[in-house]
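See structure below.
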Amino acid sequence: MSTIVAISTAPGLGGIGIIRMSGDKCFEVLNKIFKARNPQRIEDIDGYKMKYGKILNPENNIIVDEVLVSYFKAPKSYTSENMCEINSHGGIIILRKILELCLSNGAVLAEPGEFTKRAFLNGRIDLTQAEAIVDMINAKSSKEAQESANQLEGYLSKEINKIREKILDLMVNIEANIDYPEYDIEEISYKNAEEILEEIKENLEKLSNSFEQGKIIKEGIKISIIGSPNAGKSSLLNRILREDRAIVTDIEGTTRDLIEEQVIIEGIPFIIIDTAGIRETNNKIEQIGIEKSKKVAEESDVVIAVFDNSKKLDEQDKEILNIIKNKKAIIILNKIDLKDDNSEMLTEAQLSDKNIIKISAKNDIGIDKIYKELIKMFNLNEIDSNNDVLITNVRHKNLINKAFIATQESIEELKKMEPIDIVSIKIKEILENLGEITGDNVSEDLIKSIFSKFCLGK
């Protein structure tokens, strides 16, 4: 394979920049441009060591930068190949000069994710661990970062491999029965095979069910704040964010478009969307904003419906109650600083069978109750990424579901006393589906698709 090189640090100014190089000719290319203060033959340099020196242009001996070079010798490196990392001063000009010297002296520019792809192809990590790396880089919360670290450690791989081992043991016995039908092999009796598959089905179901929590950790929870104009939606958004993100005035219809922000609650990202006030209007721009409000409310995981507790219930409020009728929602009775007791509003809200919280966004009263309700609503206290194997990847979820269906169909065939060689075809499907998760059997197109999502230099 060719020797690849790329800048591994993000573009921009920084104290340190890193150029990463991997491949058979890695040290050969490095020796052409790097002059160590205390030179040694590459054979005498231990792996995991750093050497101080200068990067020079070999054509004119002009110094480019003072650097530290890390040496990693195969197979004990990120890619399992010979690798080095040139730690230079940060700044895109210096980094590009060093990159160009590597390229002009025998290396080729790495594709996005190619270092990790080589780690996978060389067997150092499996596909779930490779995907965990990009998830860790893109993590939006501490819980997502922790779950990515668990995946990188191989928690999911170990769980999948345990299931695969059970299937392989079953398949060995089935194949023996097919090859030697004259022997009565007790281990693959229909009842015994059914019991094993029932256990496998239970394991797969548990993994599949974990996706609900895993999806929350990875994608967060989408919340839309809806209400009539001047109910206090934007004030509530500002209180939740602890900053004046939305314009707040006494003029109705100030918010015409969606305002989207993110806040972390209990280590989970909440994507909060402030919307245009819902009312009848002839203003075309405002009408567009109101339609967007209704659409985003429909697509949200939970709706926070804000009502002005100091006013009488009107038709606009009733329409909002109708919007949230079949949605997971919290009703907020705002402006209790103006009027706390509004029996008509409270009664109508209670009829909606939704959780009701009284607040004053202006005076920052009751906001903590909203946090507590959201934590309770999504069982955030029960999400523990340190102990449980959670599925956070849609690809994994779909393959586990396919394996579950194949397991269920295998059990049904056994109950019908279908020939064991027919049953074995369906059981092999389970193995194939699980093998796609870890990368034991996966197409080149899928590999390209997964690693194309990586950044350059990783």
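Looking only at the range 399-413, residues that are in contact (Cβ under 8 Å) with a residue 40 or more places away in the chain and crowded, with 22+ Cβ neighbours inside 10 Å come to 4 in all. Pairs are defined by a Cβ separation below 8 Å, a sequence spacing of at least 6 or placement on different chains, a first member in the range 428-451 that is assigned by TED's automatic domain parsing to the domain that holds LEU152, and a second member that is of a type in the set (Lys, Arg) and part of a loop (DSSP other than H, G, I, E, B); no pair meets this definition.
The residues listed here are ILE331, ILE290; of these, the one that is in a helix (DSSP H, G or I), of a type in the set (A, V, I, L, M) and assigned by TED's automatic domain parsing to the domain that holds SER235 is ILE290. Among the residues of the range 323-338, none is identified as without any contact (Cβ under 8 Å) to a residue 24 or more places away in the chain and touching a Phe, Trp or Tyr at 6+ places or on another chain (Cβ under 9 Å).
Table: residues versus (1) in contact with a Cys (Cβ under 8 Å, 6 or more places away or on another chain); (2) surrounded by fewer than 20 Cβ atoms within 10 Å (Cβ to Cβ); (3) not in a helix (DSSP H, G or I).
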site	(1), (2), (3)
VAL29	yes, no, no
LEU68	no, yes, yes
SER77	no, no, yes
SER80	no, yes, yes
ILE94	no, yes, no
LYS97	no, yes, no
PRO112	yes, yes, yes
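For LEU156, the requirement of being surrounded by 18 or more Cβ atoms within 10 Å (Cβ to Cβ) and in contact (Cβ under 8 Å) with a residue 24 or more places away in the chain is met.
Table: residues versus (1) part of a helix (DSSP H, G or I); (2) under 23 Å from GLY220 (Cα atoms).
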site	(1), (2)
THR392	no, yes
LYS397	yes, yes
GLU412	yes, no
LYS428	yes, no
GLU432	yes, no
CYS455	no, yes
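Checked against the criteria, ILE447 does not count as assigned to a helix (DSSP H, G or I), in contact with a Ser or Thr (Cβ under 7 Å, 6 or more places away or on another chain) and under 16 Å from ALA132 (Cβ atoms). Considering each residue of the range 295-314 in turn, none proves to be modelled with pLDDT under 85, assigned to a helix (DSSP H, G or I), surrounded by 15 or more Cβ atoms within 10 Å (Cβ to Cβ) and over 34 Å from the mean Cα position of the chain (by Cα).
For every residue, the table says whether it meets (1) at pLDDT 95 or above; (2) more than 15 Å from ASN31 (Cβ to Cβ); (3) under 31 Å from the mean Cα position of the chain (by Cα); (4) among the aromatic types (Phe, Trp, Tyr).
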site	(1), (2), (3), (4)
GLY53	yes, no, no, no
ASP65	yes, yes, no, no
GLU85	yes, yes, yes, no
GLY90	no, yes, yes, no
SER104	yes, no, no, no
ALA107	yes, no, no, no
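Of the helices (runs of 4 or more DSSP H) contained entirely in the range 184-267, those carrying at least 2 residues that are at pLDDT 90 or above fall at 190-209.
For ILE125, the conditions (1) in the same structural domain as ALA36 (by TED's automatic domain parsing); (2) over 11 Å from SER22 (Cβ atoms); (3) among the hydrophobic types (A, V, I, L, M, F, W, C); (4) outside any helix (DSSP H, G or I) all hold with the exception of (1).
Counting the residues of the range 352-374 that are surrounded by 15 or more Cβ atoms within 10 Å (Cβ to Cβ), over 19 Å from ILE223 (Cα atoms) and in contact (Cβ under 8 Å) with a residue 60 or more places away in the chain gives 1.
Tell me, yes or no, whether the range 338-357 has at least one residue that is of a type in the set (Gly, Ala, Ser) and outside the structural domain of GLU266 (by TED's automatic domain parsing). So far as the range 338-357 goes, no, none of its residues is of a type in the set (Gly, Ala, Ser) and outside the structural domain of GLU266 (by TED's automatic domain parsing).
Considering the range 325-345, and only residues there that are modelled with pLDDT under 85 and either surrounded by 15 or more Cβ atoms within 10 Å (Cβ to Cβ) or of a type in the set (Ser, Thr, Tyr) (or both), the residue that is farthest from ASN230 (Cα to Cα) turns out to be SER343.
The values are calculated or read from the model by the stated rules, or taken from the named source; none is laboratory data. Keep in mind that this is a model prediction, so the values were computed, not measured. As a convention, Cβ positions derive from the backbone with ideal geometry for all residues, glycine included, and neighbour counts pool all protein chains shown.
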